[in-house]
Amino acid sequence: MNETAVTVQGFTKRYGAFTAVDGISLTVRRGEIFGLLGPNGAGKTSTLECLEGIRRGDGGRLDVLGVDPARHPRRLRDLIGVQLQVGGLPADMTPREAMRFFAAYHDVAPRGDLLQRLGLGAKVDTPYRQLSTGQQRRLALALAVAHQPPVVLLDEPTAGLDVESRAELHALMAELRDAGTALILATHDMAEAEKMSDRIAILLRGKIVAEGTPREITAAGAGLTKVSVRTERGLLLAEGYEPPAVVSRAAQDEYAIYFSADPAPTVAALLARLKERDDRLIDLRVERPSLEERFLEITNGGAA
Amino acid sequence: MSAFITHFAFEFRTGLRNSTQLMMNYLFPLGFYVMTGLVMTQVNPGFRETMAPAMVVFVILAATMLGLPGPLVESREAGIYRSFKINGVPAASILSIPALSAVIHALIASTVVALTAAPLFGGRAPTNWLAFAGVTLLAALSCGALGALIGVMASNSRSVVLYSQLVFLPSMLIGGLMMPLTVLPAGVRPISALLPSAHAMQAFQGLAYGEAAAWSPWLAVGVLAAGGLIALALAIYLFNWDSNNATRRGHPLLALLALAPYVASLALVAG
């Protein structure tokens, strides 16, 4: 599954004097979910639209399984599946009609089973305008994957979905990945990106400022681990004890909180201190830095 | 072929179940036909002579000029064509299939008018039904192409109404629908040659009723055919997938080339 599905090399997209994407390079392999993260205006959508063949880039190279999206849009059609944006279908079109319509243009059989699986079984004959936002998103995903494309581009696929639908979509994404599909996931949802993505690129002002696995990206930051301790007598709070490797500390709701550069000696010292002072541990929590914290660190700081 | 049939079936159904399109395809033109049949034939009995072709042209104009362009613009504004492009729907299908659907609806409503004008309102029946059907089909196809071009060149939902009315209202006033061209002032009569409705009426008069027309019915047939072909070619050439995408193949004013056959006919008629 190491075959490269998508190559973006020195890619640039400008709108007049504004450079939306500034010479980025990345590769996406078959059988992986690649998260594309960044604040609004970072260049995610421009990159996706050029990969979809909707827009032309101004420099660099795009390659989807050997096809240049701008030069061979017809050959691209069966290679990619794109989750349509909300409102991207005629208001009077029903899910059943939409499935038949797009399946016919891709020359494949309609996938009624996908509509059932994504919870649209009872809505197959409901006009698109009467579907909820969540139902429209689920329909968009069903249409994107119905022709079993080797590359799938998803833009905020679970925004506005309830917990159950979200889990079903995540299961489907994982299933596609396991079947060898390359998925590019543009999202603002850091928990989703961290959970689903095998690798991630963070875009900021048109440039990639961090790339790697979620673990690599979070580890590359300041990397402070949060250690929260609550004890029976609250001595840690009262004493202002400072264990080793701690960079800063705080107090919140009877918890003494330590931000540690190395949690092992910090926790060991805290437990020893409690035993020494004859206080009893009620709760101890160790939380590694999340992707969201790292993302905020990068986007607020402007560098990796 | 499967994609074409599926796409056409969807567009045709939309022409019936979408309230706005149902209004323009059937309710408005047939309602106007009944009102006109009840009132105009009493006020002006001479109207019976041209009632059937005039109401057929009216039905065609309602479906193709008022019903067709709006949804094309709205779909582009809503980003629906982006979705279509991503999934391999060709630009020619996006334009020609809704136009063909509008033409079929117009032909159905036209058939209702043609078959009921005589028994219900005493309208004069054509002497050559085959020619009547042929001119109806040609006028519908030509106006369908022109409606598609209006949908392509209009930049938004507001301007599409303006462009549609630029064809529809003059057609009603000086296109030979409510009164024959012969009663128009001499200075205005040649200007009517700029309108597809006037050419359709002359073709009906000369070929389906065997009467003298204001100008050659074959000239009218040629202008309708050439105007339709040029309009369709321009619509496909100027088609823009996306309202937000500034890239387009030609300036919208190129659409005025579709008027070339009509302007040429104006020169011939005035000369």
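Nothing in this text is a laboratory measurement; each read-out follows from the coordinates by a stated rule. Please read these numbers as outputs of a predicted model, since none were measured by experiment. Heads up, the Cβs are rebuilt from the backbone with ideal geometry, glycines too, and the neighbour counts pull from every protein chain shown.
Which residues make up the longest stretch of chain A clear of trypsin sites (Lys or Arg not before Pro) that lie in a DSSP loop with no more than 13 other Cβ atoms within 10 Å, not counting the sites?
Looking at chain A, A:72-232 is the longest stretch - no exposed trypsin sites (Lys or Arg not before Pro) with at most 13 other Cβ atoms within 10 Å.
What is the list of residues in the stretch A:236-251 whose amide nitrogen lies under 18 Å from a point 7 angstrom out from the Cα of A:Ala268, following Cα to Cβ?
A:242-247, by backbone N distance to the label point.
How big is the convex hull of the Cα atoms of chain B, per residue, in Å³?
Roughly 123 Å³ of hull volume per residue.
Using the per-residue mean of other Cβ atoms lying within 10 Å as a proxy for protection, in what order, highest first, do the peptides B:118-127, A:258-267 fall?
A:258-267, B:118-127
How far is it, in nm, from the label point at B:Ser155 to the one at A:Phe18 when both lie 7 Å from their Cα along the line to the Cβ?
1.8 nm
Per residue of A:92-99, what is the mean number of Cβ atoms on other protein chains within 10 angstrom of that residue's Cβ?
Per residue, the average neighbour count from other chains is 3.
If I model a spin label as a point 7 Å beyond the Cα along the Cα-Cβ vector, how far apart are those points for A:Leu284 and A:Arg56 in nm?
Computed distance between label sites A:Leu284 and A:Arg56 equals 6.4 nm.
What is the angle, in °, between the Cα long axis of helix A:133-145 and the longest principal axis of the Cα atoms in chain A? Nearest 10 is fine, range 0 to 90.
Here the helix axis deviates by roughly 60 degrees.
Run through all the Cα pairs of the stretch B:1-159 and give the fraction in each 5 Å bin from 0, expressed as whole percent.
The percentages, shortest bin first, are 2, 10, 18, 19, 18, 13, 9, 6, 4, 2, 1, 0.
Using r as the Cβ-Cβ distance of B:Leu169 and A:Thr126, and R0 as 56 Å, what FRET efficiency do you calculate, to the nearest 0.05?
Given R0 = 56 Å and the Cβ-Cβ separation, E is 0.90.
Relative contact order of the stretch A:4-219: what whole-number percent is it, with Cα pairs under 8 angstrom and at least 6 residues apart?
Taking the mean separation of contacting Cα pairs over the length of the stretch A:4-219, I get 29 percent.
Express the relative contact order of the stretch A:1-46 as a whole percentage, based on alpha carbon pairs under 8 Å and six or more residues apart in sequence.
38 percent
Taking the Cβ-Cβ separation of B:Leu115 and A:His188 as r and a Förster radius of 56 Å, what is the calculated FRET efficiency to the nearest 0.05?
With a Förster radius of 56 Å, E is 0.40.
Quick test of the membrane-span-like rule: which DSSP H helices of chain B reach at least 18 Å along their long axis (C-alpha atoms) with mean Kyte hydropathy at least 0.0?
The qualifying helices are B:2-17, B:28-43, B:91-121, B:129-153, B:157-174, B:217-238.
As a test, work out the antiparallel percent of DSSP beta bridges whose residues both lie in the protein assembly as shown, rounded to the nearest 5.
70 percent
Mind computing the radius of gyration and Dmax over the alpha-carbon atoms of the protein assembly as shown? Å is fine for both.
For the protein assembly as shown, the Cα-based Rg and Dmax read 32.8, 117 Å.
Need one number: nm distance between label points at A:Thr213 and B:Ala225, each 7 Å from Cα along Cα→Cβ, rounded to one decimal.
Result for the modelled spin labels: 7.1 nm.
How many Cβ atoms of partner chains, on average, are near each residue of A:138-147 if near means within 10 Å of its Cβ?
1
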